[in-house]
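This report refers to the structure that appears directly beneath it.
Here, each number is a calculation from the coordinates, and none is a lab measurement. Note that the coordinates shown come from a computational prediction; the quantities given were computed from them, not determined experimentally. Neighbour counts run over all protein chains shown; Cβ positions are idealised from the backbone, glycine included.
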Amino acid sequence: MTTTIPAGTAAGPAPGARRRWTVLAVCALSMFLIGVDTTIVNVGLPAIGRGLEVGTRGLEWVVDSYTVVMASLLIASGALADRFGRRRVFRCGLVVFGLASLACALAPSLGMLVAARAVQGVGASMLSPVALAIVVNAMPDPRERARAIGIWASVFGLSMAAGPVIGGALIAAFGWRSVFWINAPVIVCALVLVAVFVPESRGQRARRIDLPGQVLLTTALCVSVGVLIEGPRIGWTSPAALACYAVVAAAATAFARVELRPDPLIDLGLFRRPPFASAVLGAVAVFAALSVSLLLTTLYLQSSRGWTPLAAGAATLPMALGATVCAPWSGSLTGRLGPRRPLLLAGGFTAAGGLCLVGLSPDTGVPLLLLAYLLIGVGFGFANAPLTHTAVGGLPPSRAGVAGAVVSTARQVGSAVGIAVAGALAGGADPAGLARASRPGWLLVTACGLFLCVVARASGRNPAPKAPSGRP
């Protein structure tokens, strides 16, 4: 079934124009925090490893425990918001996220840090789909709604690219624990703003929580990512790995059968729409490419070339700059022209950035590195708004919510898979061989960019939104 996002609210009419854009700004602030926390830890992984005395494979869990838990719970959190109130669930998510951030900052061991990051993922899952529902609910006009979705997706994409820059600066000044302490004042500010400006709303029809579907989805995602991370250590054909493959296959099959019942967690009928299915796969590809790029860059610059966290974070500034400039531009283009052109630009720039580094060596020139990061950032900036529009374009409000939630889930799945793949490539390499070991990762980034061009073709069926007759 769906996370209902009606044009108005269940509690009353849509807010006035100034209030609507204020609601967007408040939700965007919270989404910026979630996106930053998805990638800010990447640049600090070597410092965390030294501080907690763990290796690369253990560090992958620090990132993926957050992304996998968030991906698993996004859709269920949307259902909870429909039933109990979006603002209420949103505020609860902020509190959980803030408390978990404090636990991360105080974690004395890897196990405690991974557990706290997983709880952070629980809080984050209450923010991403609910923020989108709140924003869309506040925007009754289709064109205004398209611009708002574009801005929302752009802010999230920008935050993902900005995470390493912010993290590098914080670690250089205050140590790795500061990347979690910084969340506290932002959370307090967001809670105040939500209480003052965000109206309460609910779904037009409350729906049950699909507990069997939720358990099966979580099992499939967690075991899949777990075997990707641990596969190089346990062996891809070991009995433990084979057992994991069987668990994933059984959970996925059972999930597909369970979701055929009335009122499912995910409306599988959405995947019969080629634009939607391609947008979901495109979201996986984009975030896998970003995560591969960020983790390989962090490990290469700090371990192979001996750069500090601040210098490594600063090296990704072109990536953040490209996303900063192109994300809002992409939202505008999507609102005016539809998603196809921005997706073609996203695919072309991402592929070009990956191609720049397929021959990476220990002494690759800094200008080429910066150019590659800029191209990947530009591609990432162009990708998010058209993917979101492609997924929800042409759907009635009662189905648009779950479509957006599935795309949000796909983004986090892509991030988790990207971290696992990059970690598998770099985990067994010594600093001198890290550049060569990472080359398949840059080929993967290139392939992800080319796949976005395929998604652009499918998205051509979703034109730019038009205002209904009689509305400005």
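For the peptides 123-129, 383-389, 79-85, the ranking by mean Cβ contacts within 10 Å, running from highest to lowest, is 383-389, 123-129, 79-85. Coupling constants for region 403-415 follow from the phi torsions by the Karplus curve (6.51 cos²θ - 1.76 cosθ + 1.60, θ = phi - 60°), and in residue order they are 4, x, 5, 5, 5, 4, 4, 4, 4, 5, 4, x, 4 Hz; glycine and proline get x. Evaluate the charge dipole of the chain about its Cα centre and quote only its size in Debye, nearest 20, assuming +1 on the Cβ of each Lys and Arg and -1 on the Cβ of each Asp and Glu. It works out to roughly 1460 debye. Which of the listed residues, 241, 168, 186, is farthest toward the dipole's positive end in region 161-244, when Lys, Arg count +1 and Asp, Glu count -1 at the beta-carbon? Farthest towards the positive end: 186. Derived scalar couplings between HN and Hα for region 221-233 equal 5, 5, 5, 4, 5, x, 6, 5, 6, 8, x, x, 7 Hz in order, rounded to whole Hz, by the Karplus curve 6.51 cos²θ - 1.76 cosθ + 1.60 (θ = phi - 60°), x for Gly and Pro. Per-residue Karplus couplings for region 165-177, computed as 6.51 cos²θ - 1.76 cosθ + 1.60 with θ equal to phi - 60°, are listed in order as 5, 4, x, x, 5, 5, 5, 4, 8, 10, x, 5, 5 Hz, Gly and Pro entered as x.
Against the chain, whose longest principal axis comes from its Cα atoms, helix 183-197 is set at around 10 degrees.
Between 0 and 90 degrees, the angle of helix 56-84 with respect to the longest Cα principal axis of the chain falls at about 10 degrees. Between helix 340-356 and the chain there is an angle of about 10 degrees, using the helix long axis and the longest principal axis of the Cα atoms.
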